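Remarks on the structure that follows.
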Amino acid sequence: SYPSRVKIVEVGPRDGLQNEKEFIPTDIKVELVNRLSHAGFVNVEAASFVSPKWVPQMADGAEVMATIDRRPGTIYSVLTPNMRGFEGALAAKADEVVIFAAASEAFSQRNINCSIEESLERFAPVAQAAKEAGMRLRGSISCSFGCPYEGAVAPANVLKVGQRLIELGCDEIDVADTIGVGTARQVYEVMRMITEHIDPVHVSGHFHDTYGQAIANIVAAMQAGIHIFHSSVAGLGGCPYAKGATGNVATEDVLFLMQGLDIETGIDLNAVVDTGQWISAHLKRKSASNAGNALAAR
Ligand code: HMG
Ligand code: MG
């Protein structure tokens, strides 16, 4: 069965843009976030407070956060790999901070330069400080369905990291398919296993669409009881530490799916289609959203 309502977290301004080679002007980033919040998203991942040496595109996170309109009811999230990032998030008045771990050791090393265990130790003070500041806390688990360096990833590792993130106080954990290799049965099984131990209200699906499986995977995850999904307008994105990884599932495609299933999202699909066309034009490329392109051509 399907949920009657899902929460869609728009990650385009962060996951979507972080891998762009050419620096995107801050005012474009700000306009992107504003267009998305006005389209009705209750959660927009707006920036990263990471090392600018590692991810130069996200270097202007503080300015983005200081300049956007803060739509009441929208949670603005930012990535924080360590206390330095947390201080930035706090100063920027982020509503939610995201700590990001991995289910594979090799990816943890490449992405945040430490082991999984070290990362969890590093996240503990971030989690505590976030709670003390009254901020929401989210924890991401990269490579939950496969790793670009290690290949197959044991579902038990995903659960183990998920449980640690929950123990740290995460309101939500994101089961992430960084390189988009997961397929529907695998997603169903991993999500079922996780939700045997963790209430699905705390679990989201973060699917990249590299192999074109993301929509099927969302359907499979819904059948396993998940009702929070991440997506990126125009399917923007790719991870700088996962070679060949392409964007997140396109938000327009997800909204079109939900519309067809009579599942409420609270989001204005037309506004997202316009935004997808606008940002793609800015990036001088065609949108990666099939639904977005079809609807724009109508
Ligand atoms: P490191 O080099 O081990 O750490 O990086 P460090 O402490 O030696 O710091 C290196 C430099 O960065 C130093 O500067 C620090 O001051 C500075 P220097 O002294 O050389 O001038 N620095 C910072 N600057 C700004 N903000 C900070 C910060 N921290 C240190 N917070 C570190 C370790 C974790 C910092 C680095 O590896 C890093 O920033 N990694 C982030 C990588 C990243 O953002 N990846 C993409 C996001 S994750 C993702 O996309 C996956 C997800 O979508 C889910 C999925 O799909 O899988 C979430
Ligand atoms: Mg991602």
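Taken one residue at a time, the phi angles of segment 71-76 give Karplus couplings (6.51, -1.76, 1.60, θ = phi - 60°) of 6, x, x, 9, 8, 9 Hz. Gly and Pro are set to x.
In terms of overall dimensions, the C-alpha atoms belonging to segment 142-182 reach 29, 16, 14 Å along their principal axes, ordered largest to smallest.
Considering all C-alpha pairs of segment 173-298, those separated by over 19 Å amount to 47%. Amide H contacts for F207 (H built 1.01 Å from N in the peptide plane; partners 5 or more residues away or on another chain; cut-off under 5 Å): D177, H230, V249. Measuring how big segment 5-82 is from its alpha-carbon positions, Rg and Dmax come out at 12.0, 40 Å.
Quote the Stokes-Einstein diffusion coefficient, in whole µm² s⁻¹, for segment 233-298, based on the Kirkwood radius over alpha carbon pairs, a temperature of 25 °C and a viscosity of 0.890 mPa s. Calculated translational D: 201 µm²/s. V153 sits among other residues whose Cβ lies under 12 Å from its own Cβ, and their net charge, with Lys and Arg +1 and Asp and Glu -1, is -2. The residues packed around D60, meaning those with a beta-carbon under 14 Å from its beta-carbon, carry a net charge of -3 if Lys and Arg are +1 and Asp and Glu are -1.
All distinct Cα pairs of segment 106-145 go into the 1/r average, and the inverse of that average, the Kirkwood radius, is 11.2 Å.
Spherically averaged projected area of the convex hull of Cα atoms, segment 172-224: 3.0 nm². Quarter the surface of the alpha carbon convex hull of segment 123-165 and you get the mean projected area, 3.4 square nanometres.
With Cα atoms as the point set, the radius of gyration and Dmax of segment 32-121 evaluate to 14.0, 40 Å.
Give me the percent relative contact order of segment 55-141, please, defined on Cα pairs under 8 angstrom at least 6 residues apart.
Numbers: 104 pairs, mean separation 26.0, N = 87.
It comes to 30 percent, rounded to a whole number.
The Cα-based radius of gyration and maximum Cα-Cα distance (Dmax) for segment 99-179 are 12.1, 38 Å. Dividing the Cα radius of gyration of the chain by 2.2 N^0.38 Å, with N the residue count, gives 0.90. As a length-normalised measure over Cα pairs under 8 Å and 6 or more apart, the relative contact order of the chain settles at 20 percent. Estimated translational diffusion coefficient (Stokes-Einstein, Kirkwood radius over Cα pairs, 10 °C, 1.306 mPa s) of segment 1-152: 99 µm² per second.
Any read-out appearing in this document is the output of simple, stated calculations on the displayed coordinates, not a laboratory observation. All values derive from a computational prediction rather than experimental measurement. Quick reminder, even Gly has a Cβ in these numbers, built from the backbone with ideal geometry, and neighbours come from all protein chains shown.
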